[in-house]
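Take a look at the structure set out below.
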Amino acid sequence: MAQRFDDWEKDDKGHLKVWPMLAFTTALFGTDKVGLRLEIGTQQPKPGEPVPALQLVLDPAQVRQLGEALAEAEARLADARFTNLATSRPGNA
């Protein structure tokens, strides 16, 4: 599992550099592409400030793969929460 993050950007201590997602939007580009804008940051920007964002263009196969990967991740989170609740002691849930 450690190899899963080998290509990820890390800080000088070896911790993964990740940002909270503030918002996302999608758009159709013609009939064969989807735009995806991911706004990131540790807090909402003040009015008039630029919003750091990554803007991507995806083909239908990539949209499907991303959707499936996100659905799988959500299911794994739900399972982990359920497992945690099921194994916690009474009063600790």
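The values are calculated or read from the model by the stated rules, or taken from the named source; none is laboratory data. Model, not experiment: these values are computed from the prediction. Here the Cβ is made from the backbone with ideal geometry for all residues, glycine too, and neighbour counts use every protein chain on show. These accessible areas exclude ligands, DNA and RNA; they are computed on the full protein's heavy atoms, side chains included. Shrake-Rupley method; radii C 1.70, N 1.55, O 1.52, S 1.80 Å.
Using only the Cα atoms of the chain, what are the Rg and Dmax in Å?
17.9, 55
So how do 63-75, 30-42, 10-22 stack up, highest first, on mean other-Cβ count within 10 Å?
For the peptides 63-75, 30-42, 10-22, the packing ranking is 30-42, 63-75, 10-22.
Could you list which residues have their amide H under 5 Å from that of Leu22, counting only those 5 or more apart in sequence or on another chain, with H placed in the peptide plane?
Glu39, Ile40, Gly41
Roughly how many percent of the accessible protein surface of the chain is carbon and sulfur, given a 1.4 Å probe and a whole-percent answer?
58 percent
Rounded to the nearest 500, what is the chain's calculated 222 nm mean residue ellipticity when only DSSP H runs of at least 4 contribute -39500 (n - 2.57) each, over all residues?
Taking each H run of at least 4 residues, the total per residue is -11000 deg cm²/dmol.
Pairs of alpha-carbon atoms within less than 8 angstrom and 6+ residues apart define the contacts here; what relative contact order does the chain have, in percent?
The value is 17 percent.
Once the piece of chain linking Trp8 and Arg81 is laid out straight, how much longer is it, given 0.36 nm per residue of separation minus the C-alpha distance between them?
Full extension from Trp8 to Arg81 adds 23.7 nm.
Given a 1.4 angstrom probe, what's the average accessible area per residue across segment 11-93, in square angstrom?
Dividing the accessible area of segment 11-93 by its residue count gives 85 Å².
Glu72: net charge of surrounding residues, Cβ under 13 Å, Lys/Arg +1, Asp/Glu -1, itself excluded?
-1
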